[in-house]
Amino acid sequence: MILQALTQYYQTLADSGKISPPGWGEVKVSYALCIGADGALEQVVPVQTEQLKGKKTILAPRLMRLPAPVKRSSGVVANFLCDNAGYLLGVDNKGKPQRALECFAACKALHERLLGEVDSPAARAVLAFFQSWQPQEALGHPALAPHGTELLGGANLVFRYDGAFVQEDPSIRQAWDAHYQSSGDGPQMICLVTGERGPVEAVHPSIKNVAGAQSSGAALVSFNAPAFCSYGKEQSFNAPTGRYAAFAYTTALNHLLADREHVYRMGDAAVVCWAKCGGDVYQNIMGHMCFGQKPAYALSDLQGALKALCRGNAVELDGTLLDPDMEFYILGLSPNAARLSVRFFLRDSFGTFLRNAQAHQQRLEIARPAYDPFDTIPLWKLLDETVNQNSRDKTPAPNLAGEVLRAVLTDTRYPATLLNGVVLRIRAERRVTRGRAAILKAYYLKNIHADVPKEVLTVSLNPDSTNIPYNLGRLFSLLEAVQSAANPGINTTIKDKYFNSAAATPAIVFPVLVNLAQKHLKKLDGGLRAHYNRQILELFSKLGESYPQRMSLPQQGCFQLGYYHQTQKRYEKKEEK
């Protein structure tokens, strides 16, 4: 299903002229070799462009549409019209001159085979270059001297003749297209993507721009062990994919991954999304709803469009008519050495995804501290709440990102691993942040539990709740406030010493805390002492005559929510003053 969806998306982009036709691809190029009619190298010209990276402007390779590069492993395989210095010039800085000569010979043979019958001045110039160029004398050539180190370091080079790039010559393009269409030499099988019978690809093109994977690219479809080679089908013949389909799905996926504005990080996974009909507006809205992307449109227009789409009505935004029934796909990929792991793949209508994401955001709504910059909590921020921010590796559990995203967008139960991760961080840090409190609230709203009534799962403090664990959490926050008022500037409070034990065994801890609070109250002036006494007595009236001996994990969640709500109420009053 993944390959079919990507192949369809490629065809949509190809029909609109936004992506390379079969046999062509976007390649990063750094230099152009300017040659004369006799094939002599006249000049080497940099073709990098200024690009913004973060806050800095840097020179980066230029993207050019060229004959699709081959996938290399360890063998010598040349590309047509574009390659590194080892193949086009026969020299590099890898310390293996004999191999560089083999690469040049392979590249020369390829160009002579493809351009030998082409009647074009540019083709004759390229052939003359390969016939006259002497790799042994390359390092002394005056045209290479100004760019020697960078030129030999693996940068891609192209040919330029008579002021134009060689790949733009119509006769040469026609020769490449004819070669590409006739070069399939795999066994005749039925393509699992298109259903058509024909030669299938042994090795699929590489997928690039996945963080953590090999910079040269990684494989989405690949088999490399005897256990995977059933019925003698080696390499990628176990997943027979025709030449067109293999090119189409890899080109479409590389196009999505190259668009950095619409690639999102979820743990170790790179997430891309697309609508069947194409268009950036669908991606922008989903990026804002799920991944914390800044709104690309006016907030009023965006909110109006979201309301209409969630109701099932089509709406126009930024000149695009958005259909709530449009098929929408979300794919998460993680690096795995030379291969890619599919973390998740979700398919549904655009409107359904938006409704489920909106319901998730409503479950997450909780009192927001003044310093918190997020209006709504994005998914990556939720995952961060399960990670120790002081550790060197701040990546969440590998499977957690996919499980949470699947639960959110399919409107199913949240994974227990999300709750466990949050509880562990609260116990370790004794700190209930907005994100952690929101996760507790959303988790128990969706994963209903008898020990967590809805009266505690509110956006802000519920003073009318009679739930004992919830009110114990409120009481703990009040006792902490009394201690802080009696000892201004105190570094260590009762939270640092007693928070976890108070939540787990209140009958043991709270008598000690209440006794300590009485001593702190004596240090306060009359008005403040009366203020705190009144609140403490009000909570005592809801707790009964004794404290619970032990509290279960869900009850501890009530305690933590009560603590968070009461603490935010305290800060809210300070902000008002």
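Sorted by packing (mean other beta-carbon atoms within 10 Å per residue), highest first, where do 515-522, 357-364 land?
Details: 515-522: 14.4, 357-364: 18.4.
By packing density, highest mean first, the sequence is 357-364, 515-522.
Please give the charge dipole size of the stretch 36-133, origin at the Cα centre, charges +1 on K and R Cβ atoms and -1 on D and E Cβ atoms. Round to the nearest 20 debye. Kindly include the intermediate steps, with their values, before the conclusion.
Values: 13 positive and 9 negative charges, 143 e Å.
Roughly 680 debye for the stretch 36-133.
If you count the DSSP beta bridges with both ends in the chain, what percent of them are antiparallel, to the nearest 5? Walk me through the intermediate numbers first.
Working: 47 of 53 bridges.
That works out to approximately 90 percent antiparallel.
Sort 461-470, 264-273 by the packing proxy (mean of other Cβ within 10 Å over each peptide's residues), most packed first.
264-273, 461-470
Would you list, by chain and number, the lysines whose Cα falls below 26 Å from the Cα of LYS522, excluding same-chain residues fewer than 8 positions away?
Reachable lysines: LYS495, LYS497, LYS542, LYS569, LYS573, LYS574, LYS577.
Could you order LYS94, LYS108 so the one with the most accessible surface comes first? Probe is 1.4 Å. Walk me through the numbers before you get to the answer.
On the way: LYS94 150, LYS108 60 Å².
Result, largest first: LYS94, LYS108.
Between PHE374 and ASN238, what is the label-point separation in nm under the 7 Å Cα-to-beta-carbon projection?
3.9 nm
Using the scaling law 2.2 N^0.38 Å as the reference, what is the normalised Cα Rg of the stretch 367-435? Don't jump to the answer; show the numbers that get you there.
On the way: Rg = 12.5 Å, N = 69, 2.2 N^0.38 = 11.0 Å.
Here the answer is 1.13, to two decimals.
Give me the lysines in straight-line cross-link reach of LYS454: C-alpha distance below 16 Å, same-chain residues under 8 apart excluded.
Within the straight-line limit of under 16 Å, LYS454 reaches these lysines: LYS441, LYS446.
Once you have the Cα-Cα distance between GLN51 and LEU516, take 0.36 nm times their residue separation minus that, and quote the gain in nm to one decimal.
Numbers: separation 465, 0.36 × 465 = 167.40 nm, distance 6.19 nm.
Contour length minus the Cα-Cα distance gives 161.2 nm.
Projecting each Cα onto the charge dipole of the stretch 456-577 (Lys/Arg +1, Asp/Glu -1 at the beta carbon, about the Cα centre), which of PRO506, THR492, GLN549 comes out farthest on the positive side?
Positive-most Cα among the choices belongs to THR492.
Over all distinct Cα pairs, what is the inverse of the mean 1/r for the stretch 202-267, reported as the Kirkwood hydrodynamic radius in Å? Mind showing how you got there, number by number?
Numbers: mean 1/r = 0.0755 Å⁻¹.
Evaluated on the stretch 202-267, it is 13.3 Å.
Please give, to one decimal in nm, the separation of the simple spin-label points placed at GLN11 and GLN362, each 7 Å out from Cα toward the Cβ.
Simple spin-label model gives 3.8 nm for this pair.
Give the residue from GLN362, TYR470, LEU418 lying farthest towards the positive end of the charge dipole for the chain; charges sit on Cβ (+1 for Lys and Arg, -1 for Asp and Glu) and the dipole is referred to the Cα centre.
Most positive-ward Cα: TYR470.
Using the Karplus curve 6.51 cos²θ - 1.76 cosθ + 1.60 with θ = phi - 60°, work out ³J(HN,Hα) for each residue of the stretch 302-318 in order, rounded to whole Hz, and write x for Gly and Pro.
Ordered by residue, 3J(HN,Hα) equals 5, 5, x, 5, 5, 4, 5, 5, 5, 7, x, 9, 6, 8, 9, 9, 6 Hz.
Short version: what are the Cα gyration tensor semi-axes of the stretch 1-117, square root of 5 times each eigenvalue, largest first, in whole Å? The partial results should precede the final answer.
On the way: eigenvalues 161, 91, 53 Å².
Ellipsoid semi-axes (Å, largest first): 28, 21, 16.
Long-range amide H contacts for ARG343: which residues qualify at under 5 Å (H placed 1.01 Å from N, peptide plane, sequence gap of 5 or more or a different chain)?
For ARG343, the qualifying residues are GLY332, LEU333, SER334.
Distance between Cα centroids, the stretch 94-119 to the stretch 251-308: provide it in whole Å.
Each part's Cα centre sits 43 Å from the other's.
Please give the contour-minus-distance gain from ILE448 to ARG339: 0.36 nm per residue of separation, less the Cα-Cα distance, rounded to one decimal in nm. Walk me through the numbers before you get to the answer.
On the way: separation 109, 0.36 × 109 = 39.24 nm, distance 3.95 nm.
Length difference between fully extended and current span is 35.3 nm.
So which lysines can LYS56 reach, going by Cα to Cα under 30 Å and dropping same-chain residues fewer than 8 places off?
Straight-line reach from LYS56, under 30 Å: LYS18, LYS28, LYS208, LYS294, LYS381, LYS394.
Compare the peptides 10-16, 421-427 by average per-residue count of other Cβ atoms within 10 angstrom and give them in order, highest first. Please list the in-between numbers first.
On the way: 10-16: 16.0, 421-427: 19.1.
Taking the mean over residues of other Cβ atoms within 10 Å, the ranking is 421-427, 10-16.
Where does the stretch 431-534 land on the Kirkwood hydrodynamic radius, alpha-carbon pairs, in angstrom?
On the way: mean 1/r = 0.0656 Å⁻¹.
Every distinct Cα pair counted, the radius reaches 15.2 Å.
Accessible area of the chain with a 1.4 Å probe: how many percent of it is carbon plus sulfur?
On the way: 13730 of 27630 Å².
Carbon and sulfur atoms account for 50 percent of the accessible area of the chain.
Note down the nm distance, to one decimal, between modelled labels 7 Å out along Cα→Cβ at GLN98 and at ARG413.
So the label points at GLN98 and ARG413 sit 6.5 nm apart.
Measure out, as a whole number of angstrom, how far apart the alpha-carbon centroids of the stretch 355-372 and the stretch 159-230 sit.
45 Å
Quote the charge dipole size of the chain about the Cα centre in Debye, to the nearest 20; the model charges only the Cβ of Lys and Arg (+1) and of Asp and Glu (-1). All intermediate terms of the calculation are to be shown ahead of the outcome.
On the way: 62 positive and 52 negative charges, 620 e Å.
Dipole about the Cα centre, nearest 20: 2980 debye.
The values are calculated or read from the model by the stated rules, or taken from the named source; none is laboratory data. Given the structure is predicted, the values throughout are model-derived calculations rather than measurements. Heads up, the Cβs are rebuilt from the backbone with ideal geometry, glycines too, and the neighbour counts pull from every protein chain shown. Surface areas here come from the heavy atoms of the whole protein model, side chains and all, with no ligands, DNA or RNA. Shrake-Rupley method; radii C 1.70, N 1.55, O 1.52, S 1.80 Å.
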